[in-house]
1. With +1 on each Lys and Arg Cβ and -1 on each Asp and Glu Cβ, how big is the dipole of segment 160-234 about its Cα centre, in debye rounded to the nearest 20?
2. Could you tell me which residue out of L243, F220, I171 lies farthest along the dipole of segment 111-245 toward its positive end? Charges go on the beta carbon: Lys and Arg +1, Asp and Glu -1, centred on the Cα centre.
3. Which order results if H241, H200 are arranged by neighbouring Cβ count within 10 Å, fewest first?
4. Within a 10 angstrom radius of the beta carbon, how do S79, S49 rank from fewest other beta carbons to most?
5. In debye, nearest 20, what is the charge dipole magnitude of segment 74-217 about its Cα centre with +1 on Lys and Arg Cβ and -1 on Asp and Glu Cβ, if you could check?
6. Which of rounded, prolate or oblate describes segment 161-229 when judged by the alpha-carbon gyration tensor and an a/c cut-off of 1.5?
7. Set the Förster radius R0 to 45 Å, insert the Cβ-Cβ distance between S208 and I238 as r into 1/(1 + (r/R0)^6), and round the FRET efficiency to 0.05.
8. Just name one of T149, L112, G95: the one whose Cα is farthest towards the positive end of the charge dipole of segment 86-194 (beta-carbon charges, Lys/Arg +1, Asp/Glu -1).
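The numbers here are math on the coordinates, done by the rules we state, and not lab data. In this text, all values refer to a predicted model and were calculated from it rather than measured experimentally. Don't worry about glycine lacking a Cβ; one is built from the backbone with ideal geometry, like all the others, and counts go over all protein chains shown.
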Amino acid sequence: MNNSAKYDFTIIVPVYNEEDNMANLESRLSAYLTEASVSACILFVNDGSKDSSLQLIREVCGRNPHFYYLSFADNRGLSAAMKAGIDYAESRLVGYIDADLQTAPEDFNLLLADADEYPLVLGIRVGRKDSWFKRFQSKFANGFRRMMTGDGVADTGCPLKVMQTQYAKRIPFFTGMHRFLPALILLQDGGKVKQTPVRHFPRVAGVSKFSVWNRLIGPFKDCFAYRWMRKRYINYTIAEHNLNN
Ligand code: UDP
Ligand code: MG
């Protein structure tokens, strides 16, 4: 058991070269913890940052209760950071927000309202504050993915999500899976997804880590992998056991 087991909700924050966002993260997240609708902690996952992010994370965790971190030896990508957070989270619920705070931590409370009923609750970014080019890519990618996966989700990439941890731990993990979370949750027996409008803000510090190519080409191929996986996915129901006797 680790410290996250003491809370209802673990908020995973992937961090790759986000030193200019750390001060903001500290104040916004610590303020949110006081008004969260369930008991919550923060789990930074430092994805091999090459700037001073790790040093700042250590300092922030040192002076704030309920702040924890994991740190990778080197850069493994957003999906890996998310997987590590889910692997180590032992609370009933697990959430995810980007370190650039383009979504508001306070809006977690909107998602938490449905988290007991739905294994995944995710945001739909309303009034997106990204460039027209990024919005265009996102619209195109979402449309294609929806057609291929049939997940019916408007905004898979929204960086504000809450999952029931037992469902999150059963997701098949691969690089790029962070763009398929709803479709991957829907593979599971009982998997259902709720979408809730949330606010969106511009990135005020640091730079985006993804280019057109890794936003479109990889995910295009992953759509086919998903369809293969859907045919092969293992679900089972335990009718009886004596493990707890
Ligand atoms: N990120 C990460 N590892 C990477 C790339 C990004 O942990 O290799 C983190 C990054 O620090 C941020 C989140 O993933 O918290 C989303 O990245 P970004 O804001 O650059 O993506 P965008 O919003 O532009 O799609
Ligand atoms: Mg971002």
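1. Here the size comes out at about 40 debye.
2. The Cα lying farthest towards the positive end belongs to F220.
3. Ordered from fewest to most neighbouring Cβ atoms within 10 Å, H241, H200 come out as H241, H200.
4. S79, S49
5. Dipole size: approximately 580 debye.
6. Working: a/c = 2.28, a/b = 1.26, b/c = 1.81.
Because a/c hits 1.5 or more and a/b fails to exceed b/c, segment 161-229 counts as oblate.
7. Values: r = 44 Å, r/R0 = 0.98.
Calculated transfer efficiency: 0.55.
8. T149
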